[in-house]
Amino acid sequence: MLCGAAQSQEMLVAARFVQGLGGALTSAVVLGMIVTMFQEPREQAKAIGVYGFVASAGGSIGLLAGGVLTESINWHWIFFINIPIGIATAILAVRLIPRDQGIGIGQGADLPGAILITGALMLAVYTIVQPAAENGWGSTAAIGFGAVALALLAAFIGREATARTPLVPLRIFRSRNVSGANTVQALLVAGMFGTFFLGSLYLEQVLGYDPLEIGLAFLPATIVMGVLSLRYSELLITRFGARTVLMPGMVLVASALVVFAQAPVDGSYLHVFPVMILLGLGVGVSFPALMTLAMSGATPQDAGLASGLVNTTAQVGGALGLAVLATVSATRADTLLGEGEAAASALTSGYHLAFYIGAVLILAALVVAVTVLQAPKQVAHEGVPQGAEPGYSEAA
């Protein structure tokens, strides 16, 4: 409501901060609830497929809905439209989801840890979009702010290793599938965000699309994601295993970015449509598989922690990835503009560079998946990982 009522950039940023607090409380527990309520493997795979569709296709659905609302009313309604949805969701949650009991804050809350990790991430994003973008990656300001961000991150890790009630108990990273899947997700989301954000800018600033046309351009990706996530991801994961399904999905997403990097200045939707199909196929199979792997190593007691970690790595990957890709793209375009190149050509070259970097990030995620993630049968056979605490199972 505050976002929709915002009349200035400052008010909008402040309202988004409040919105982020609510998003952290809600989205962080969803996967944990799914694995707790749906314990039969096939039903759990189906539920995670639904979640994967919502998580991955939300961006493209938002582009379409946002385009319709912006064109027909104004941008404020992209926020107002969520109010009745939120109210309905809250009512259904109260009526349908069983009550559970948490430990409360009687044992203490890790506020120092929360401050350290939040400060580290905010400073890292600021370093990328301000000093690095304006003065260069090797500038004194960029190096200084980056060093402080790394120091805060190191302090956070030290805090979590010694705190009585840590924000993120480090024991959860003993599971190869939990730590590996979260690393893969951070890299995958970082690379994929370039397709939605910079792809939208290419359609708007180079091809001249309006907001509604941009939303419609991304619609094929949403449809393919929906069909695969809701209909076939459960069957694929059950038959072949989550790790096996994840690999080709990431290859398809990387391929989509490489194809987008070939879109010319005088292009048309014929150059964009194959990207949407590849992206829809890749995300539709990879995200449900990735969610399954990320939750496979967590006990019921750690389900909430694992769920929060999954959502955190997605947000961190998206924020840092978008900051890097947007900064690199803008820097490249500004350099070419300074050399006298036409605006459309300079912008397109900047987008192309960002798409290539995004593809490299996804290929890095693929390497992590191949070398770190374990197939379900192997995990089940090995049982409890070496050094794990009693009661901690890594069985898929």
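Data overview
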read-out: Fewest-first sequence of MET122, MET276 by Cβ atoms within 10 Å of each Cβ; value: MET122, MET276
read-out: Stokes-Einstein D (µm²/s) once Rh is taken as the Kirkwood radius of region 201-278 over alpha-carbon pairs, at 37 °C in 0.692 mPa s; value: 235
read-out: Zero-based 5 Å bins, Cα pair distances in region 1-141, whole percents; value: 2, 7, 9, 15, 16, 16, 16, 10, 6, 3, 1, 0
read-out: Between 0 and 90°, nearest 10: helix 176-201 axis offset from the chain longest Cα axis; value: 20
read-out: Within a Gaussian network of the chain (alpha carbon springs, distance under 10 Å), most fluctuating of GLY158, GLY215, GLY32; value: GLY158
read-out: FRET efficiency for TYR269 and ASP100, using Cβ-Cβ distance with R0 set to 56 Å, rounded to 0.05; value: 0.70
read-out: Derived scalar couplings ³J(HN,Hα) [region 127-134; Karplus, 6.51 cos²θ - 1.76 cosθ + 1.60; whole Hz; x for Gly, Pro]; value: 4, 6, 8, 10, x, 5, 6, 8
read-out: Region 110-189: mean projected area of Cα convex hull, nm²; value: 5.9
read-out: Over region 232-275: Kirkwood hydrodynamic radius from C-alpha pairwise inverse distances, Å; value: 12.1
read-out: Stokes-Einstein diffusion coefficient of region 277-356, Kirkwood radius over Cα pairs, 4 °C, 1.567 mPa s, in µm²/s; value: 84
read-out: Two-site FRET efficiency, THR140 against GLU213, from Cβ-Cβ distance with R₀ of 41 Å, rounded to 0.05; value: 0.40
read-out: Qualifying chymotrypsin sites (Phe, Trp or Tyr not before Pro) in region 143-203, DSSP loop, other Cβ atoms within 10 Å at most 16; value: none
read-out: Debye intensity ratio in log₁₀ form over the Cα atoms of region 127-280, taken at each q of 0.10, 0.11, 0.16 Å⁻¹; value: -0.59, -0.70, -1.06
read-out: Compactness relative to 2.2 N^0.38 Å, alpha carbon Rg of region 138-185; value: 1.49
read-out: Selected from GLY52, GLY340, GLY226 as most flexible by GNM, with the chain as the system and alpha-carbon contacts under 10 Å; value: GLY340
read-out: Gap separating the Cα centres of region 100-176 and region 186-241, nearest whole Å; value: 30
read-out: Stokes-Einstein D (µm²/s) once Rh is taken as the Kirkwood radius of the chain over alpha-carbon pairs, at 20 °C in 1.002 mPa s; value: 96
read-out: Gain on full stretching of the segment that runs from GLU43 to VAL251 - 0.36 nm per residue minus C-alpha separation; value: 72.2 nm
read-out: Residue order, fewest to most surrounding Cβ atoms within 10 angstrom, among THR26, THR313, THR292; value: THR26, THR313, THR292
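Read the figures in this text as sums done on the coordinates, not as results from a lab. Owing to the predicted nature of the structure, the values given are computational and were not obtained by experimental measurement. Cβ sites come from the backbone with ideal geometry, for glycine too, and all protein chains shown count toward neighbours.
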